[in-house]
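Participant: I have a structure I would like to understand better, so I am pasting it below and will then ask my questions one at a time.
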Amino acid sequence: MTRTELREVACKIIYETYILENAKVDYDINSLVKEEIENTDDFVLELINGVKNNQMELSKLANKYLVNWEIDRLSKMDKAIISVAIYELKYTDTAYKIVIDEALNLSHKYSDDNVTKMINAMLDGIYKNECEQ
């Protein structure tokens, strides 16, 4: 699978964890990953575990740059896309242009244009103010 496909898998699994947590259902990340892809992939696990372990910080950062919105008011898939993107911007060496482009492509697939524009502005702000050196 390509990194693009793996990012989408990670977003789907994180989305699923949000649903399960909301329903107060226990889950195992590795089992969820195995349901989506045959071979466990380190990149997918890094994204999922990184988002889950840093969710409060990622949400706080998203809220700082979302105008007139909060991340928890968005759909669970939008929250997953945003969380993966912010995690990649802050904690990986992936080029920011790739991170933002991938997030926008996922947003085009799962959201509407207004949300995609909002995600673009938010990620751009985070990169320029929180990641650039």
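The values are calculated or read from the model by the stated rules, or taken from the named source; none is laboratory data. Here the structure is a predicted model, which means the values were calculated and not measured. As a convention, Cβ positions derive from the backbone with ideal geometry for all residues, glycine included, and neighbour counts pool all protein chains shown.
Participant: Determine, yes or no, whether M77 is surrounded by 14 or more Cβ atoms within 10 Å (Cβ to Cβ), in contact (Cβ under 8 Å) with a residue 24 or more places away in the chain and part of a helix (DSSP H, G or I).
Facilitator: When the stated conditions are applied, M77 passes them.
Participant: Here's a follow-up. Listed residues K24, K60, K34, K52; which is of a type in the set (K, R) and either modelled with pLDDT under 90 or buried (at least 17 other Cβ atoms within 10 Å of the Cβ) (or both)?
Facilitator: Numbers: K24 fails: either modelled with pLDDT under 90 or buried (at least 17 other Cβ atoms within 10 Å of the Cβ) (or both); K60 fails: either modelled with pLDDT under 90 or buried (at least 17 other Cβ atoms within 10 Å of the Cβ) (or both); K52 fails: either modelled with pLDDT under 90 or buried (at least 17 other Cβ atoms within 10 Å of the Cβ) (or both).
Answer to the selection: K34.
Participant: Select, from V115, V84, V99, the only residue that is in contact (Cβ under 8 Å) with a residue 24 or more places away in the chain and either small (G, A, S) or touching a Cys at 6+ places or on another chain (Cβ under 8 Å) (or both).
Facilitator: On the way: V115 fails: either small (G, A, S) or touching a Cys at 6+ places or on another chain (Cβ under 8 Å) (or both); V99 fails: either small (G, A, S) or touching a Cys at 6+ places or on another chain (Cβ under 8 Å) (or both).
The match here is V84.
Participant: Let me ask another. Does K34 satisfy the condition of being more than 16 Å from K90 (Cα to Cα), in a helix (DSSP H, G or I) and in contact (Cβ under 8 Å) with a residue 60 or more places away in the chain? Outline the logic, then answer.
Facilitator: Details: more than 16 Å from K90 (Cα to Cα): yes; in a helix (DSSP H, G or I): yes; in contact (Cβ under 8 Å) with a residue 60 or more places away in the chain: no.
Against the criterion (more than 16 Å from K90 (Cα to Cα), in a helix (DSSP H, G or I) and in contact (Cβ under 8 Å) with a residue 60 or more places away in the chain), K34 does not qualify.
Participant: Can you find even one residue in the range 54-75 that is farther than 26 Å from N129 by Cα, of a type outside the set (A, V, I, L, M) and over 12 Å from the mean Cα position of the chain (by Cα)? Before you say what the answer is, go through the steps one by one.
Facilitator: So the first thing to find is which residues in the range 54-75 are farther than 26 Å from N129 by Cα, and the list is none.
No, the range 54-75 contains no residue that is farther than 26 Å from N129 by Cα, of a type outside the set (A, V, I, L, M) and over 12 Å from the mean Cα position of the chain (by Cα).
Participant: Report the residue count in the range 87-96 for those that are touching a residue at least 12 places away in the same chain (Cβ under 8 Å) and farther than 23 Å from E70 by Cβ. Before you say what the answer is, go through the steps one by one.
Facilitator: Here is the first cut: in the range 87-96, the ones touching a residue at least 12 places away in the same chain (Cβ under 8 Å) are 87-92, 96.
Within this subset, residues satisfying the condition of being farther than 23 Å from E70 by Cβ are 92, 96.
The total comes to 2.
Participant: Something else about it: Please verify whether E46 is more than 17 Å from T17 (Cβ to Cβ) and in contact with a helix residue (DSSP H, G or I) (Cβ under 9 Å, 6 or more places away or on another chain), treating the condition exactly as stated. Don't jump to the end; show me each part of the working.
Facilitator: Numbers: more than 17 Å from T17 (Cβ to Cβ): no; in contact with a helix residue (DSSP H, G or I) (Cβ under 9 Å, 6 or more places away or on another chain): yes.
Against the criterion (more than 17 Å from T17 (Cβ to Cβ) and in contact with a helix residue (DSSP H, G or I) (Cβ under 9 Å, 6 or more places away or on another chain)), E46 does not qualify.
Participant: Please work out which one of (1) closer than 23 Å to I119 by Cα; (2) part of a loop (DSSP other than H, G, I, E, B); (3) not acidic (D, E) is the condition Y87 fails and give its number.
Facilitator: Y87 satisfies all of (1) closer than 23 Å to I119 by Cα; (2) part of a loop (DSSP other than H, G, I, E, B); (3) not acidic (D, E) except (2).
Participant: Can you name the residue in the range 102-133 that is among the polar types (S, T, N, Q) and in a helix (DSSP H, G or I) and is also surrounded by the most Cβ atoms within 10 Å (Cβ to Cβ) among such residues?
Facilitator: Step by step, filter the range 102-133, then rank; the result is S107.
Participant: Another one. Restricting attention to the range 8-18, does a residue exist that is modelled with pLDDT of 95 or more, farther than 22 Å from D112 by Cα and either surrounded by fewer than 14 Cβ atoms within 10 Å (Cβ to Cβ) or under 15 Å from the mean Cα position of the chain (by Cα) (or both)?
Facilitator: yes
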